[in-house]
Amino acid sequence: MWDGIVIGGGFAGLIAGIRASERGKRILMIAEGTGSLSSSSGVFDIGPIPSLARLEKHPYSYLEPQNIQAAVEYFRSLLPEYEKCEGESSLVLTPLGSCRTADLMPMGLKAEALIQSKEIVLMAPEGMKDFFSRVVKENLEKEFPQSRVEIYPFQVSAFAPWQQVGKAVNGLEFARFWRTEEGIETLQKLLEALVRYIRNQKEAAVVFPGLSRVFNKPLQKLLAHFPCPIIEMTDIPPTFGGEILYDALKRKFKEFGGEIILGSGVRKVDIQGKNCFQVWVKSKGSDSNFQAKELVLATGGSSEGGSKRLRME
Ligand SMILES: Cc1cc2nc3c(=O)[nH]c(=O)nc-3n(C[C@H](O)[C@H](O)[C@H](O)COP(=O)(O)OP(=O)(O)OC[C@H]3O[C@@H](n4cnc5c(N)ncnc54)[C@H](O)[C@@H]3O)c2cc1C
């Protein structure tokens, strides 16, 4: 018998699973799919907690503000490469170059440096799917009117064969590429050319779509040596920011000894007394069942129907 079964492997299920398994519990997670995390930006909107908690039906209205704060601190203790904003929310760039606020985000996304800049260089990878450099430039000009925005087009030769056969390369594929050895070398050469291009390095900032430095030391080191701030953008689904957060949480859960059955839906739960749950799983046509002393229901709802399809008896 398991100490606990977590049904659902999205953000809520993963955090619940990590929390229980790090306390020494034997936890099994059963998830039909990956949930909505892998399509989200990986940036968290927490907002001014006391005001959100007062909004009727907002999820935060069910929680005490200090518990929300404690959850944020816990998340950062798990993944310190996520930055928290002290006081006011921070600015991050949307995929179209306008600004939104966020409270907890992977390193590299904070866009405050753009407020001080006089020159913004917008990196424009040729052939990047759904990246509209002119629209992004216009929005950056509206958001940061004190700054001149210039588009810096560049090609990545590693993607040329794809593009020759008409295959568009999305931001997620670019972000994965920059983390490879070949990607780091290509980026180094690109940044060397960029340094020569920028007129006044003290007042410039670079905006770079399809790039993510979180959890990658070589990339972080390379970007830290660049003389101006390099600001990443959030991306549209399929998002690298969501994918990398999902992978990081799954890895943590497994490090603490958690086990996962992915791709199988729970169809029914029998409650057999106060501390015994029997969980029925349908996989490839056959039924199997698992017993646990405790159950966490984390079936979400926004992406895959959630608890509506689960029967408790
Ligand atoms: C496109 C998109 C963008 C978003 N952007 C942001 C953002 O920028 N910032 C932000 O803060 N939030 C964002 N969100 C919201 C955020 O991603 C979600 O609130 C959060 O991920 C929900 O997590 P969850 O674990 O509750 O649910 P889900 O992610 O929906 O996970 C539910 C899990 O339960 C599983 N499941 C369901 N039924 C069963 C069953 N019967 N048996 C077994 N498993 C089952 C699913 O397969 C999945 O693993 C975004 C959401 C989407 C869809």
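Nothing in this text is a laboratory measurement; each read-out follows from the coordinates by a stated rule. Note that the coordinates shown come from a computational prediction; the quantities given were computed from them, not determined experimentally. FYI the Cβ positions are ideal-geometry reconstructions off the backbone, even for glycines, and counts take in every protein chain you see.
Explain nothing, just the number: dipole magnitude of the chain about its Cα centre with +1 on each Lys and Arg Cβ and -1 on each Asp and Glu Cβ, in debye rounded to the nearest 20. Working shown, then result.
Working: 39 positive and 37 negative charges, 119 e Å.
Here the chain has a charge dipole of around 580 debye.
Restricting attention to the chain, close to 40% of DSSP beta bridges with both partner residues there are antiparallel.
Measuring against 31 Å, Cα to Cα, the residue pairs 142/202; 221/252; 221/250; 57/254; 142/252 contain 57/254; 142/252 as the ones spanning a longer distance. A crude spin-label estimate for the pair residue 89 and residue 276, with each label 7 Å from Cα along the Cβ direction, gives 4.9 nm.
Fewest-first ordering of 259, 64, 243 by other beta carbons within 10 Å of each residue's beta carbon gives 64, 259, 243. Enter the Cα centre distance for the pair the stretch 182-210 and the stretch 230-269, rounded to the nearest angstrom. With the stretch 182-210 and the stretch 230-269 each reduced to a Cα centre, they are spaced 31 Å.
Can you figure out the FRET efficiency of residue 142 with residue 259, using R₀ = 41 Å and their beta-carbon distance, to the nearest 0.05? Could the numbers behind the result be given before it?
Details: r = 50 Å, r/R0 = 1.21.
Given R0 = 41 Å and the Cβ-Cβ separation, E is 0.25.
One chain, two ends: residue 283 and residue 176. Fully extended at 0.36 nm per residue, the span grows by 35.4 nm beyond their Cα-Cα distance.
Taking the Cβ of each residue in 58, 225 as the centre, tally the other Cβ atoms inside 10 Å and list the residues starting with the fewest.
Details: 58 13, 225 9.
Placing the least packed residue first, the sequence is 225, 58.
Extension gain for residue 79 to residue 1 (0.36 nm times residue separation, less C-alpha to C-alpha distance): 25.0 nm. Computed from phi, the 3J(HN,Hα) profile of the stretch 235-250 under the Karplus parametrisation 6.51, -1.76, 1.60 (θ = phi - 60°) reads 10, 8, x, x, 9, 6, x, x, 4, 6, 5, 4, 4, 5, 5, 5 Hz, with x in place of Gly and Pro.
Sort the chain into rounded, prolate or oblate with this rule: let a ≥ b ≥ c be the square roots of the eigenvalues of the Cα gyration tensor; rounded if a/c is under 1.5, and if a/c is not under 1.5, prolate when a/b is larger than b/c, oblate otherwise.
Values: a/c = 2.42, a/b = 1.82, b/c = 1.33.
The shape class here is prolate.
Computed from phi, the 3J(HN,Hα) profile of the stretch 73-85 under the Karplus parametrisation 6.51, -1.76, 1.60 (θ = phi - 60°) reads 4, 4, 4, 5, 5, 6, 10, x, 6, 8, 9, 9, 9 Hz, with x in place of Gly and Pro.
Between residue 118 and residue 164, the modelled label-to-label distance comes to 4.5 nm, taking each label 7 Å out from Cα in the direction of the beta carbon.
Counted by Cβ distance under 12 Å from residue 264, the other residues give a net charge of +1, where Lys and Arg count +1 and Asp and Glu count -1.
Classify the stretch 91-236 from the C-alpha gyration tensor, please: rounded if a/c falls under 1.5, else prolate or oblate depending on whether a/b exceeds b/c.
Cα axes put the stretch 91-236 in the rounded bin.
All other residues whose Cβ lies under 12 angstrom from that of residue 184 are scored, Lys and Arg at +1 and Asp and Glu at -1, for a net of +2.
Along the Cα→Cβ direction, 7 angstrom out, place labels at residue 220 and residue 129. What is the inter-label distance in nm? The answer from the label model is 3.0 nm.
Averaging sequence separations of C-alpha pairs under 8 Å and six or more residues apart, then dividing by the length of the chain, give the relative contact order as a whole percent. It would help to have the intermediate numbers written out before the result.
Numbers: 582 pairs, mean separation 86.6, N = 313.
Computed value for the chain: 28 percent relative contact order.
Here the extension length gained between residue 67 and residue 197 equals 42.0 nm, from 0.36 nm per residue of separation less the Cα-Cα distance. Taking 101, 34, 180 as the candidate residues, the one with maximal mean-square fluctuation in a Gaussian network model of the chain, Cα springs under 10 Å, is 180. For the chain, a Gaussian network of Cα nodes joined below 10 Å ranks 181, 119, 203 by mean-square fluctuation, and the top entry is 181.
Amide H contacts of residue 294 (H built 1.01 Å from N, in plane; Pro and chain starts excluded): 4, 5 sit under 5 Å, all sequence-distant by 5 or more or on other chains.
Across the stretch 275-291, coupling constants 3J(HN,Hα) worked out from phi with the 6.51/-1.76/1.60 Karplus curve, θ = phi - 60°, read 10, 8, 10, 10, 10, 9, 10, 9, 9, 6, x, 10, 9, 9, 9, 9, 10 Hz, and Gly and Pro carry x. Picking from 153, 161, 229, which is most flexible by a Gaussian network model of the chain using Cα springs under 10 Å? It is 161.
Relative to the longest principal axis of the Cα atoms of the chain, the long axis of helix 11-22 makes an angle of roughly 70 degrees.
Ordering 165, 6 by the number of other Cβ atoms within 10 Å of each residue's own Cβ, fewest first, gives 165, 6.
Tell me, how many Å apart are the Cα centres for the stretch 116-130 and for the stretch 1-17? The stretch 116-130 and the stretch 1-17 have Cα centres separated by 40 Å.
Add +1 for every Lys or Arg and -1 for every Asp or Glu among the other residues with Cβ under 11 Å from the Cβ of residue 120, and state the total. Walk me through the intermediate numbers first.
On the way: positive: 118, 137, 148; negative: 119, 141, 143, 150, 203.
Around residue 120, the surrounding residues sum to -2.
Answer rounded, prolate or oblate for the stretch 215-307, using the Cα gyration tensor with square roots of eigenvalues a ≥ b ≥ c: rounded when a/c is under 1.5, else prolate when a/b is larger than b/c, else oblate. Note, shape of the stretch 215-307 comes out prolate. Taking amide H as placed 1.01 Å from N in the peptide plane, residue 104 has its amide H under 5 Å from the amide H of 44, 46, each at least 5 places away in sequence or on another chain.
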